[in-house]
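Nothing in this text is a laboratory measurement; each read-out follows from the coordinates by a stated rule. This one's a predicted model, so the numbers in the text were calculated from it and none came from an experiment. Every residue, glycine among them, receives a Cβ derived from its backbone with ideal geometry; neighbour counts consider all protein chains shown.
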Amino acid sequence: MNNFRLEPFLWIHLAGLALAPLLLIVTWIGLAVSDPWPFYWVELVLVGIIGVVPMLWMQWTKPFDFFSILLLSIKPNHLTEEQRKILKLLKTRKNKIFHGIVAIGLLGVVWLLYQLAPFAAITASMLPQWRILGLMIAAIAFFFCNLFVQIPVSVLGVLLTSDKTWLTTKPIPCEKVISNFTVLGLQINKIFFIPSLPLSSNLNENPS
């Protein structure tokens with residue numbers, strides 16, 4: 001039995017999706033600060049580029065290392081073979097397509113929020129009425145929204161992997177983790193408050 005879907009790090013990062021609606025609300029309020037500039041498309045380009053491009057580029061080129069949390073990350077040479085196989089699955093063309101589709105969808109959402117911004121004007125009136133301030137609030141909130149959506153999209157890509165594909169996937173070598181993935185935080189041997197995955201799948205896949 002393949003139990004890679006029980007990997008705790010996958011579900012921790014998938015849970016981050018719950019923050020996306022709150023961040024979209026902050027984006028909406030930011031877009032409602034002061035009066036729009038005459039060329040509205042400049043505002044949308046600004047928010048869209050800051051919010052979408054960095055995260056999409058990261059996931060396309062050096063995907064976020066799942067085995068990081070709260071400014072801590074597991075050293076590459078302390079990742080299990082199963083965890084390194086999970087990382088290898090992040091580099092598939094399927095995942096890149098998923099990230100691209102989601103990025104386009106999120107741009108559509110921010111365009112809709114821009115159209116609905118007048119409905120948030122009362123809440124936004126509590127902030128200084130500087131349009132550039134509102135746009136920066138919107139762009140930063142939208143960036144973090146992308147972060148907490150795109151990483152769960154990677155998780156879903158892994159969870160939807162077929163057992164056949166999993167069995168034929170080769171783990172990424174330890175020495176290539178840093179160069180192929182975005183590894184954030186202090187590198188340690190083990191994050192002690194994260195439970196370890198049972199080893200039954202490894203035993204079944206590599207019988208002695």
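Normalised by the number of residues in the chain, the mean separation of alpha-carbon contacts (under 8 Å, six or more apart) gives a relative contact order of 48 percent.
Between Q187 and S73, the built amide H atoms are under 5 Å apart, and every one of these is 5 or more places off in sequence or on another chain. Karplus-based coupling profile of region 33-49, in residue order and whole Hz: 6, 6, 8, x, 5, x, 9, 4, 5, 5, 5, 5, 5, 4, 5, x, 5, with θ = phi - 60° in 6.51 cos²θ - 1.76 cosθ + 1.60 and x standing for Gly or Pro. Across region 172-188, computed HN-Hα scalar couplings (Karplus, 6.51 cos²θ - 1.76 cosθ + 1.60, θ = phi - 60°) run 5, x, 4, 6, 9, 5, 4, 7, 9, 9, 8, 9, 10, x, 6, 7, 10 Hz from first to last residue, x flagging Gly and Pro.
Mind scanning K62/K176; K62/K164; K75/K96; K91/K170 and naming the pairs with a C-alpha gap bigger than 18 Å? Beyond 18 Å between Cα atoms: K62/K164; K75/K96. Computed per residue of the chain from DSSP H runs no shorter than four, each worth -39500 (n - 2.57), the mean residue ellipticity at 222 nm is -18500 deg cm²/dmol.
[x] 0.94; [y] 1.19; [z] 1.25: which one is Cα Rg over 2.2 N^0.38 Å as calculated from this entry? Checking each listed value against the structure points to [y]. Largest mean-square fluctuation among P21, P128, P38, in a Gaussian network model of the chain whose springs join Cα atoms under 10 Å apart, belongs to P38. Dipole magnitude for the chain: about 540 debye, using +1 per Lys or Arg Cβ and -1 per Asp or Glu Cβ, origin at the Cα centre. For region 1-107, applying the loop criterion from DSSP together with a ceiling of 14 other beta carbons within 10 Å to the chymotrypsin sites (Phe, Trp or Tyr not before Pro) yields F39. Applying the Karplus relation 6.51 cos²θ - 1.76 cosθ + 1.60 with θ = phi - 60° to region 122-139 yields 3J(HN,Hα) values of 5, 5, 5, 5, 6, 9, x, 8, 10, 4, 5, 5, x, 5, 5, 4, 4, 5 Hz, where x marks Gly and Pro. In straight-distance terms, cross-link reach from K190 covers every one of the aspartates and glutamates whose alpha-carbon lies under 16 Å from its own, apart from those fewer than eight places away in the same chain; here that gives E7, D65, E81, E82. Under 5 Å between amide hydrogens, built in the peptide plane, is the criterion, and for T182 it picks out F64, D65 among residues at least 5 positions away or on other chains.
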